[in-house]
Amino acid sequence: MTANSNQTRFMLNESDLPKFWYNINADSPVPPAPVLHPGTKEPVTPDFLSVLFPMDLILQEISTERFIEIPEEVREIYKLYRPTPLMRARRLEKELNTPAHIYYKNESVSPAGSHKPNTAIPQAFYNKISGVKALTTETGAGQWGTALAMAGNFFDIDVEVYMVKVSYQQKPYRRLIMEAFGAQVFASPTERTNFGRSVLAETPETPGSLGIAISEAVEVAAMSGGAKKYSLGSVLHHVLLHQSVIGEEALKQMDMAGEYPDVVLGCVGGGSNFAGIAFPFLRMNLLEGRQTRLVAVEPTATPSLTKGVYTFDYGDTAMMAPIVKMHTLGHGFVPPPIHAGGLRYHGMAPTLCALYDAGYLEAKAVPQLATFDAAMQFARAEGIIPAPESAHAIRAAIDEALDAKQKGEARVILFNLSGHGQLDMSSYQAYFDGKLKDYEYPEAAIKDAMTHLPQVPVMA
Ligand SMILES: Cc1ncc(COP(=O)(O)O)c(C=O)c1O
């Protein structure tokens, strides 16, 4: 293929909006391990999951159908911002003086500012058609809460958001946006739940964590007698499935650009935006013999994939959420308050972990300061302030481009710009003021956390 020589934006028409989500479980050579009940440690039944989720989403969670039709009501709302542009970062290439070609899929153009509406919209839709009137959720950086608040508003569902306390304090505008869409937002841990009260009694000054906020949101839904369901913005298989629209569009757009990526990168918190861009390319590796490297990029402060242990652990801190097999830093993990709030989860999507463990995906950890340096280099070249989460993918993409330069290779690089950072300027201010520090999560803390794992019968 020859690269389209002078084009910068590769745009699909509204009629090219995907009609199907892609389900990697149809093609994955390594199906994820069963999900276990947090009490009995036996595989969960749909009945148990149905306390928290509507049946359509539970069925998607376990489906092995390759393509799952996107409901027309969901596609109608996707049309507010999809298909998203694929951009060739020509000015960044020039700045780096690299022979590599750098492309990025711009998910920051969604009304919420990130990829999160790709799953918030279908989750709200499936809850709506099953008669649910209210949803609870957690949010780290605020991007997920914003997306679910917006989607809840479209489908007339009340949304209750447990926002990690440090983000609640750092990001007042995120909270206001959620409230503008009619959501209620609480700084977690709160006094509203048994678990929140117990955490506050023990550690009143805690900055909170995603694990704690998940526990609170799950507790409220589980105790609501069916009035409220719970919604999760990452980790679960149905979330990864919904995000596949990113990669499906990118496949077509790379074709328009006349190139095919040698490497695809995305940042990982729970794994959904990376899986969204990478799994359709993994399908091409598995079924068409392509050899694209697929690289998940995480912070050195929360290195679930690169340093975590692949084992069964609880999905939340209170040990109320199901036990899943994943790369984990331990469910008690309370991360340092690094400025990429959305990457602070202790675990990682089980589907992604199984593929990483088997060698189909790569992972890399990048330090915070170098990540902000990359964010600024990208912003000054391309004009977009990236979300600090997305900046991890940018760091790794720039490193790929510099490596290609050193080796004199014409490498084609594609990364996912999962969101913009216009509401993250307090993090940038800390960076400008020299207040940010690099942080390596200590091995000793991981070793200690591994002594608190659930004891589960060894699975075949
Ligand atoms: C902009 C952005 N990118 C990435 C992430 C990480 O989540 P995931 O790994 O599920 O894509 C978040 C999470 O909040 C986010 O807000």
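The values are calculated or read from the model by the stated rules, or taken from the named source; none is laboratory data. Note that the coordinates shown come from a computational prediction; the quantities given were computed from them, not determined experimentally. Neighbour counts run over all protein chains shown; Cβ positions are idealised from the backbone, glycine included.
Only one residue in Leu96, Leu59 is surrounded by fewer than 24 Cβ atoms within 10 Å (Cβ to Cβ) and under 27 Å from Gly225 (Cβ atoms). Which one?
Residue meeting the stated conditions: Leu59.
A search for C-beta distances below 6 Å between a residue of region 223-235 that is more than 24 Å from Cys267 (Cβ to Cβ) and any residue that is among the β-branched types (Val, Ile, Thr) and part of a strand (DSSP E or B), counting only pairs 6+ apart in sequence or on different chains, returns Lys228/Thr136; Tyr230/Thr136. Within region 194-234, being in contact with a strand residue (DSSP E or B) (Cβ under 8 Å, 6 or more places away or on another chain) and among the hydrophobic types (A, V, I, L, M, F, W, C) holds for Leu210, Ile212, Ala213, Ile214, Ala217, Val218, Val220, Ala221, Ala222, Ala227, Leu232.
The rows are residues; the columns are (1) buried (at least 23 other Cβ atoms within 10 Å of the Cβ); (2) part of a loop (DSSP other than H, G, I, E, B); (3) more than 14 Å from the ligand (Cβ to nearest atom).
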residue: Gly269; (1), (2), (3): yes, yes, no
residue: Ala275; (1), (2), (3): yes, no, no
residue: Phe279; (1), (2), (3): yes, no, no
residue: Arg283; (1), (2), (3): no, no, yes
residue: Leu287; (1), (2), (3): no, no, yes
residue: Arg290; (1), (2), (3): no, yes, yes
residue: Ala296; (1), (2), (3): yes, no, no
residue: Thr302; (1), (2), (3): yes, yes, no
residue: Thr311; (1), (2), (3): no, no, yes
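The helices (runs of 4 or more DSSP H) falling completely within region 122-222 that include 1 or more residues that are within 15 Å of the ligand (Cβ to nearest atom) and at pLDDT 95 or above map to 143-154, 172-180, 210-222.
Answer yes or no: is there a residue in region 427-437 that is more than 29 Å from Pro280 (Cα to Cα), surrounded by 15 or more Cβ atoms within 10 Å (Cβ to Cβ), over 20 Å from the mean Cα position of the chain (by Cα) and not hydroxyl-bearing (Ser, Thr, Tyr). Yes: one or more hits. Looking at the structure I just gave you, is Lys325 at pLDDT 95 or above, of a type in the set (Lys, Arg), within 16 Å of the ligand (Cβ to nearest atom) and assigned to a strand (DSSP E or B)? Taking the combined requirement at face value, the residue does not satisfy it.
Restricting to region 334-361, name every residue that is modelled with pLDDT of 95 or more and within 19 Å of Pro388 (Cβ to Cβ). Can you show your working first?
Initial filter on region 334-361 (modelled with pLDDT of 95 or more): 348-361.
Result: Met348, single match.
Being in a helix (DSSP H, G or I), within 14 Å of the ligand (Cβ to nearest atom) and closer than 15 Å to Gly269 by Cβ is the filter here, so list the residues in region 360-394 that pass it. Once the filter is applied, which keeps residues that are in a helix (DSSP H, G or I), within 14 Å of the ligand (Cβ to nearest atom) and closer than 15 Å to Gly269 by Cβ, region 360-394 yields Thr371, Pro388, Glu389, Ser390, Ala391, His392, Ala393.
The requirement of being out of contact with any His (no Cβ under 9 Å at 6 or more places or on another chain), touching a residue at least 12 places away in the same chain (Cβ under 8 Å) and over 28 Å from Met55 (Cα atoms) is not satisfied by Val185.
Can you pull out every residue in region 426-459 that is farther than 19 Å from Pro322 by Cα and part of a loop (DSSP other than H, G, I, E, B)?
Asp433, Gly434, Lys435, Leu436, Lys437, Asp438, Tyr439, Glu440, Tyr441, Pro442
Is it the case that some residue within region 313-331 is surrounded by fewer than 24 Cβ atoms within 10 Å (Cβ to Cβ), more than 17 Å from the chain's Cα centre (by Cα) and either within 25 Å of Ala397 (Cα to Cα) or of a type in the set (S, T, N, Q) (or both)? No, there is no match, as no residue in region 313-331 is surrounded by fewer than 24 Cβ atoms within 10 Å (Cβ to Cβ), more than 17 Å from the chain's Cα centre (by Cα) and either within 25 Å of Ala397 (Cα to Cα) or of a type in the set (S, T, N, Q) (or both).
Residue-by-condition table, conditions (1) without any contact (Cβ under 8 Å) to a residue 12 or more places away in the chain; (2) among the small types (Gly, Ala, Ser); (3) within 28 Å of Tyr126 (Cβ to Cβ); (4) crowded, with 24+ Cβ neighbours inside 10 Å:
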{"position": "Ala151", "(1), (2), (3), (4)": "no, yes, yes, yes"}
{"position": "Phe155", "(1), (2), (3), (4)": "no, no, yes, no"}
{"position": "Val166", "(1), (2), (3), (4)": "no, no, no, no"}
{"position": "Gln170", "(1), (2), (3), (4)": "no, no, no, no"}
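Scanning region 1-55 for residues that are touching an Asp or Glu at 6+ places or on another chain (Cβ under 9 Å), of a type in the set (A, V, I, L, M) and surrounded by 13 or more Cβ atoms within 10 Å (Cβ to Cβ) yields Ala3, Leu12, Leu17, Ala26, Val30, Val35, Leu36, Leu49. Among the residues making up region 215-234, those that are more than 23 Å from Leu200 (Cα to Cα) and touching a helix residue (DSSP H, G or I) at 6+ places or on another chain (Cβ under 6 Å) are Lys228, Lys229, Ser231, Gly233, Ser234. Looking only at region 395-425, filter to residues that are in a strand (DSSP E or B) and within 13 Å of the ligand (Cβ to nearest atom); which one of those is surrounded by the fewest Cβ atoms within 10 Å (Cβ to Cβ)? Among those that are in a strand (DSSP E or B) and within 13 Å of the ligand (Cβ to nearest atom), it is His420. Of all residues in region 223-247, those satisfying the criterion of being more than 30 Å from Pro336 (Cβ to Cβ) and in a helix (DSSP H, G or I) are His238, Leu241, His242, Ser244, Val245, Gly247.
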